[in-house]
Amino acid sequence: MLHLKILLVLTLLPSLIYCQSKKVFHNETIAYSKLAEIIGQPKWDTIVFDQVHFKSDIGKRDWQDSVFGQYTVANAIKAGKVKSLEFADCTFSESIFFEGNFEGNVAFTHCKGPEELVFENCNINALWISEADFQAIFLQHSKFKNITVRTEDAEHTTISFFKSSVNGELEIVGSRISIFNSSFVLDAEPIIENEGRGTAWTTVNNTSFDQPDGFLQFQQKDGFVQVSRCTFSGGVDFYGDGDRVTWNIVDNKFQKEVGFRSGAEIGPSSYINFREIYSDRSLGWHIDQDNEMLFYDGRDDQIQMERYYTNLLRLHKRFHDFYLDGGDIYSANILYVRIKDLETRHLENEYVKTSSFDLWVRIGLNKLLKFYTRYGTDPARAIVISLWVVFGFALFYVFFPSSWDLSSRSKLIDNVKNIRHFRKQPRKLWSIVVNLFVTILNAYALSLNAFVTLGFGEIPTKGFARYVTIAEGFLGWFLLTLFSVALISQSSF
């Protein structure tokens, strides 16, 4: 009998301990001082407040926020050794202020108050705030392992990080998001999402994001986004999906790919430093391909993905128009060249599938346009190449007779034949140099005249050189036409 009682006690002991470790407060009013007592010296491992109204009675103090200025908030409630602290459907009469080391998890679900929810100098394993409706949520000088803050149904709530750190998972969803002087070591798929409209904004300054795998998502419905003086060790994606988003992305350090996908209009007051972000990177975004995240920028076999290829062209065109309208012709030209490169690679992919003379000509013409004028964006390059072409033909004409050079060439040949007799006569050697210069000059004049298609009447050369001259005239006409088009396209800007 005694053994049976001992066995029964041992069986029920875990249940008794568990029942004693959890406390639920339901549908009652609790003063802030009582709340401080409950969580400051807890008798339970898990404390749940369900539909509880909290009434302030511990006084207020002035609190200087580092970003938004001075506030008057409730005195701080010190944390205790609580493994799990849960607030569900609770209301707070005034601001609520927590500080200290929460050893476990803290959760706020469907809670609201007319003022601020503040975490200052806290150390929390996991913080979960969902459907919160406060004037502001401040997370300052605190450390979190995992954090989720969602206020998408409360567009007036400001979420503010200042000098805080997260080492684990991150999810922030709101309409007014501010992150300053913080650090994040992230895993999984972190996201900073703004679903607000009108006055919605996301500001991230002087913050580091360390993410070995995956990529960080910035999603913005509408409004304003500023990301400056930040460091990203992992991939980043900027998404805009609304009517208009104003982006301000400048003075950042990106160590991996930077994705950008915007269905929204890029606001005219945006400033996206293209040279800083994309001068040595492709423009694209991350996609889920066969359950694996892939950065799509049209490279290699990616060009075969027709739907993504069309969206990629649209993205480049959106950026091109943005920089062109803003007067940044340099960035606009880079984007136009990239658009034409994508088109060329797409045509080459089509040519592999269906060979045709038309595709072959289009591909060849695109490659020539890129080489000669960078698709009409660089007239100066066309001039330099044209001068080299003229000079190359001139060297060829040196070895062929022409009516433009009846004496210097023959004199040069005679001098070269008798060069042995001129070694002891420096003046004779000087005549060789002069005749060589005059021969090259005449050949260059002939080449230049052929290239610019001024016309000869009778072509002033003989033999094979006559046909080369005709070919040079056609080439000059063609290249000069391309140069004119490139010059007009840049001048019309």
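The values are calculated or read from the model by the stated rules, or taken from the named source; none is laboratory data. What you see is a predicted model, and the numbers here were worked out from it, not measured in a lab. Virtual Cβ from ideal backbone geometry, glycine too; neighbours counted across all protein chains shown. Just so you know, the surface numbers come from the protein's heavy atoms only, side chains and all, with ligands and any DNA or RNA stripped out. Shrake-Rupley method; radii C 1.70, N 1.55, O 1.52, S 1.80 Å.
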Residues whose modelled amide H sits under 5 Å from the amide H of ASP222, counting only those 5 or more places away in sequence or on another chain, are GLY196
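Which of the peptides 375-383, 55-63, 259-267 is most tightly packed, and how do the rest follow, judged by the mean count of other Cβ atoms within 10 Å per residue?
259-267, 375-383, 55-63
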Computed ³J(HN,Hα) along segment 140-146: with the Karplus parameters 6.51/-1.76/1.60, θ = phi - 60°, integer Hz and x for glycine or proline, the list is 10, 6, 10, 10, 9, 8, 10
If amide H atoms are modeled at 1.01 Å from N in the peptide plane, then the residues at a separation of 5 or more from GLU103, or on another chain, having amide H under 5 Å from its own are VAL82
Distance in nm between ALA445 and ARG197 label points, each 7 Å along Cα→Cβ, equals 7.5
Sorting VAL227, VAL398 on solvent-accessible surface, 1.4 Å probe, most exposed first, gives VAL398, VAL227
Given backbone amide H placed at 1.01 Å from N, residues whose amide H is under 5 Å from that of SER142, ignoring those fewer than 5 places away on the same chain, are ASN121, CYS122, SER164, SER165
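Holding the Cα-Cα limit at 20 Å, pick out from LYS112/LYS145; LYS55/LYS78; LYS83/LYS163; LYS43/LYS78; LYS23/LYS81; LYS256/LYS367 the pairs that are longer than that.
Result: LYS112/LYS145; LYS83/LYS163; LYS256/LYS367 exceed 20 Å.
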For GLU169, GLU86, GLU131, the accessible-area ranking with a 1.4 Å probe, largest leading, is GLU169, GLU86, GLU131
For segment 317-323, Karplus-derived ³J(HN,Hα) couplings (6.51, -1.76, 1.60; θ = phi - 60°; whole Hz; x for glycine and proline) come out as 5, 4, 5, 4, 5, 4, 6
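Just order 362-370, 314-322, 300-308 by mean Cβ neighbour count inside 10 Å, highest at the front, would you?
314-322, 362-370, 300-308
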